[in-house]
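Asker: For reference, the structure I am asking about is given below.
The values are calculated or read from the model by the stated rules, or taken from the named source; none is laboratory data. Here the structure is a predicted model, which is why all the values come from computation and not from measurement. So basically every Cβ, Gly included, is an ideal-geometry build from the backbone, and we count neighbours across all protein chains shown. Just the protein is used for accessible areas: all its heavy atoms, side chains included, with ligands, DNA and RNA removed. Shrake-Rupley method; radii C 1.70, N 1.55, O 1.52, S 1.80 Å.
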Amino acid sequence: MKVSFLDLKSQYENIEDEVNKKISEVLENAAFNLGEDLRKFEKEFAQFCNAKYSVGVSSGTDAIIIALKALGIGNDDEVITAPNTFIATAEAISLAGATPVFVDINEDDFNIDSSKIEEKITKKTKVILPVHLYGQPSNLKEIIKIAKKYSLFVVEDACQAHEAEFEGKKVGTFGEVGCFSFYPGKNLGAYGDGGAVVTDNEELYKKMVLLRSHGEAEKNRHEIIGSTNRLDNLQAAVLRVKLRNLSKWNEKRRKNVEIYRRHLKGLELIFPKEIKGRKHVYHLFVIRVKDRDKIKKKLFDRGIATGIHYPLPIHLQNAYKFLGYERGGFPVSEKVADEILSLPMFPELSEDKIKYVCNSLKEIIGWLKYAKQEQYISKL
């Protein structure tokens, strides 16, 4: 049996008629940039997040850059974040002109350890940028508390957490700005790159609108220096169709996780913990297991695709060598990076395929355990 890690084709087939109709409308109207579908999507996405404003941008990376620039973050400023995220989080900080400062994570939820944030705050610190990794919110209550104590901004990287909630409130709406990605594989994914920022602050909203399109308030009138970071109308049209299905798809992801947990019960692996008061939307279903690389290869041999998100923390990447971090600097992030394995996860994943993944894992882990015992016995 073949089990894909992600199956975007199946999702498309379920909404094919709606999507094709919307794309045809955009093509017939020849409205490709800053068109009606973008305006409608921005309004609909803001309402979905329970935010006042939303601005469609070209990627999740650009969402973070624009959010930071709108807040006036730049040279000599520091932004606190976690090292175990995709490099785009740190890149965005750097491209805004600031310096990323890393804080280690919790083993329970893979998110930034809020108890370690204060020790990294300096006179240069301007922003705390929590990443709601894999779809589970960070400890926003403590993060907001710390931010208020030190008069810092909070910018949420919610790029993997569409519709996730902390104590009944959707992520992206706790800080000054929430940043989302619509990369195709995300819970809400476009058919290309895309992203959005959400905020309740009208002044920030207006500035982010300017930043995403050359600082242009009206034709050939440029108020500030901006760039070209717009979400195009075709992608907005597709996202409008998908947004109407997102809650249903997220619920299916959560049910798939229940199936995984039921069939993997008793196995020697560590499940992700869904922290009380937080709604996890499982952009990824990530377990921790010993002999990860061997298990990944043997699953592949059985036709099962898996992933590792992410195998090398940012502080150990060559791109960030200049920060001077060394191995051992963030022990929890490094330990977790060696053990994490992302199993197939998408709404259309069938129970039969989940069972096949689980049975394969059981057999592989059992075989590895037996092989180790035999090796030990042979040395006696």
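Asker: Of the numbered conditions (1) buried (at least 19 other Cβ atoms within 10 Å of the Cβ); (2) in contact (Cβ under 8 Å) with a residue 60 or more places away in the chain, ILE275 fails exactly one; give the number of that condition.
Answerer: (1)
Asker: Would you mention how many residues in region 105-114 are buried (at least 20 other Cβ atoms within 10 Å of the Cβ), part of a loop (DSSP other than H, G, I, E, B) and at negative phi?
Answerer: Selection size over region 105-114: 3.
Asker: Using the structure shown, decide if ALA67 is closer than 20 Å to GLU176 by Cα, among the hydrophobic types (A, V, I, L, M, F, W, C) and out of contact with any Gly (no Cβ under 6 Å at 6 or more places or on another chain).
Answerer: yes
Asker: Considering only residues that are within 29 Å of LEU343 (Cβ to Cβ), aromatic (Phe, Trp, Tyr) and in a strand (DSSP E or B), which ones fall in region 128-180?
Answerer: Of everything in region 128-180, those that are within 29 Å of LEU343 (Cβ to Cβ), aromatic (Phe, Trp, Tyr) and in a strand (DSSP E or B) turn out to be PHE166, PHE180.
Asker: Given (1) part of a strand (DSSP E or B); (2) open to solvent by 10 Å² or more (accessible area, probe 1.4 Å), where does VAL79 come up short, assuming only one miss?
Answerer: Among (1) part of a strand (DSSP E or B); (2) open to solvent by 10 Å² or more (accessible area, probe 1.4 Å), VAL79 violates only (2).
Asker: Let me ask something else. Go through region 180-197 and report how many residues are touching a strand residue (DSSP E or B) at 6+ places or on another chain (Cβ under 7 Å) and either without any contact (Cβ under 8 Å) to a residue 60 or more places away in the chain or farther than 16 Å from ARG240 by Cβ (or both).
Answerer: 2
Asker: Which residue pairs have Cβ atoms under 7 Å apart, sit 6 or more places apart or on different chains, and have a first residue in region 37-57 that is of a type in the set (A, V, I, L, M) and a second that is part of a strand (DSSP E or B) and open to solvent by 20 Å² or more (accessible area, probe 1.4 Å)?
Answerer: Between residues of region 37-57 that are of a type in the set (A, V, I, L, M) and residues that are part of a strand (DSSP E or B) and open to solvent by 20 Å² or more (accessible area, probe 1.4 Å), the close pairs are ALA46/TYR53; VAL57/ARG230.
Asker: Restricting attention to region 227-268, which residues are of a type in the set (Asp, Glu), at pLDDT 95 or above and open to solvent by 60 Å² or more (accessible area, probe 1.4 Å)?
Answerer: Residues of region 227-268 that are of a type in the set (Asp, Glu), as a first pass: 232, 251, 258, 268.
Next cut, at pLDDT 95 or above only: 232, 251, 258.
If the condition is that a residue be of a type in the set (Asp, Glu), at pLDDT 95 or above and open to solvent by 60 Å² or more (accessible area, probe 1.4 Å), then GLU251, GLU258 are the ones that fit.
Asker: Could you please find all residues in region 327-366 being under 30 Å from LYS120 (Cα atoms) and in a loop (DSSP other than H, G, I, E, B)?
Answerer: ARG327, GLY328, GLY329, PHE330, ASP338, GLU339
Asker: Exactly one of (1) within 19 Å of the chain's Cα centre (by Cα); (2) surrounded by fewer than 15 Cβ atoms within 10 Å (Cβ to Cβ); (3) touching a residue at least 40 places away in the same chain (Cβ under 8 Å) is unmet by PRO311. Its number?
Answerer: All conditions pass for PRO311, except number (3).
Asker: Starting from region 317-330, take each residue that is in contact (Cβ under 8 Å) with a residue 40 or more places away in the chain and list its partners that are among the hydrophobic types (A, V, I, L, M, F, W, C), counting only C-beta distances under 6 angstrom and pairs at least six apart or across chains.
Answerer: Going by the 6 Å Cβ cut-off, the qualifying pairs are TYR320/ILE314.
Asker: How many residues does region 64-76 contain that are open to solvent by 40 Å² or more (accessible area, probe 1.4 Å) and either among the β-branched types (Val, Ile, Thr) or more than 22 Å from the chain's Cα centre (by Cα) (or both)?
Answerer: Of the residues in that region, 3 qualify.
Asker: Of the residues PHE166, PHE153, which is over 14 Å from the mean Cα position of the chain (by Cα) and open to solvent by 30 Å² or more (accessible area, probe 1.4 Å)?
Answerer: PHE153
Asker: Still on this structure, I have one more. Can you pull out the residues in region 35-57 that are open to solvent by less than 30 Å² (accessible area, probe 1.4 Å) and farther than 20 Å from GLU176 by Cα?
Answerer: GLY35, ASP37, LEU38, PHE41
Asker: Continuing with the same structure: Looking at PHE32 and the list (1) open to solvent by 70 Å² or more (accessible area, probe 1.4 Å); (2) assigned to a helix (DSSP H, G or I), which single condition is not satisfied?
Answerer: Just one mismatch for PHE32, condition (2).
Asker: Going residue by residue through region 95-103, is there one that turns out to be farther than 22 Å from SER333 by Cβ, out of contact with any strand residue (DSSP E or B) (no Cβ under 7 Å at 6 or more places or on another chain) and not hydrophobic (A, V, I, L, M, F, W, C)?
Answerer: So in region 95-103, the residues farther than 22 Å from SER333 by Cβ come out as 95-97.
Now restrict to residues that are out of contact with any strand residue (DSSP E or B) (no Cβ under 7 Å at 6 or more places or on another chain): 95-97.
Subsequent filtering for residues that are not hydrophobic (A, V, I, L, M, F, W, C) retains 97.
Yes; the residues of region 95-103 include at least one that is farther than 22 Å from SER333 by Cβ, out of contact with any strand residue (DSSP E or B) (no Cβ under 7 Å at 6 or more places or on another chain) and not hydrophobic (A, V, I, L, M, F, W, C).
Asker: Inspect region 84-100 for any residue being open to solvent by 10 Å² or more (accessible area, probe 1.4 Å), charged (D, E, K, R) and closer than 24 Å to VAL197 by Cβ and give the result as yes or no.
Answerer: yes
Asker: Still on this structure, please answer the following. Mind checking which pairs have a first residue in region 279-303 that is among the small types (Gly, Ala, Ser) and a second that is surrounded by fewer than 16 Cβ atoms within 10 Å (Cβ to Cβ) and assigned to a loop (DSSP other than H, G, I, E, B), Cβ under 9 Å, 6 or more apart or different chains?
Answerer: Correct list of pairs: GLY303/MET1; GLY303/LYS2.
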